[in-house]
């Protein structure tokens, strides 16, 4: 059974590690995700398609040593609470053959008690008719020694539902989710050739707090 050992917020991504992942791999995976976020922000500094931003983000990960193994299907779904979001996300990721990573996402949110925080974030944007993208990335080490990351992106937007019943109009709001991302294997050899570029990008932003370690 996968055991949550560590979790950090890297840029705008909730990154969690199973206990089998060694410290060096944790640091390198974290560096790749932060590099990808900074590079995508530089490429698209203003208002831009969230899909274009996320596609570029994933492209930087591939450059830095991530190898795509499976793609998250992009079928839209609607949720009205965090439990629905977690349940559907678990099913989606589990179908990719990485059930333990699906469990790790749920464990991360529940252990860190992020349910209320996450949904308040949604609701603040929903109330304003907002849209955006949330990212989470559970990471584990397989028995083969391979380190695997499931990058799970959630592009969200507001859906306003209006039901007319005689003279009574009931309005509710749901969040429409478009999942994105994939399952990646982390290639240490490729990353070694890219390590300098990754750290140059990160060091250029050394005056900003970009990584927040979360207490378990």
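We did not get these values from a lab; they are worked out from the coordinates using the rules stated. Because the structure is a prediction, the values reported are computed rather than measured. Positions of Cβ are generated from backbone atoms using ideal geometry, with glycine treated the same way; all protein chains shown enter the neighbour counts.
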_Per 0.36 nm of contour for each residue apart, how much would the distance between residue 52 and residue 19 grow if the chain were fully extended, relative to their Cα-Cα spacing?_
8.5 nm
*Under a plain spin-label model, where a point goes 7 Å from the Cα along Cα-to-Cβ, how far apart in nm are residue 199 and residue 185?*
2.6
*Would you kindly calculate the translational diffusion coefficient of segment 56-106, applying Stokes-Einstein with the Kirkwood radius from alpha carbon pairs, for 25 °C and a viscosity of 0.890 mPa s, and quote it in µm² s⁻¹ without decimals?*
197
*asked:* If I stretch the segment between residue 75 and residue 192 completely, what's the gain in nm (0.36 nm per residue apart, minus their alpha carbon distance), one decimal?
replied: 38.6 nm
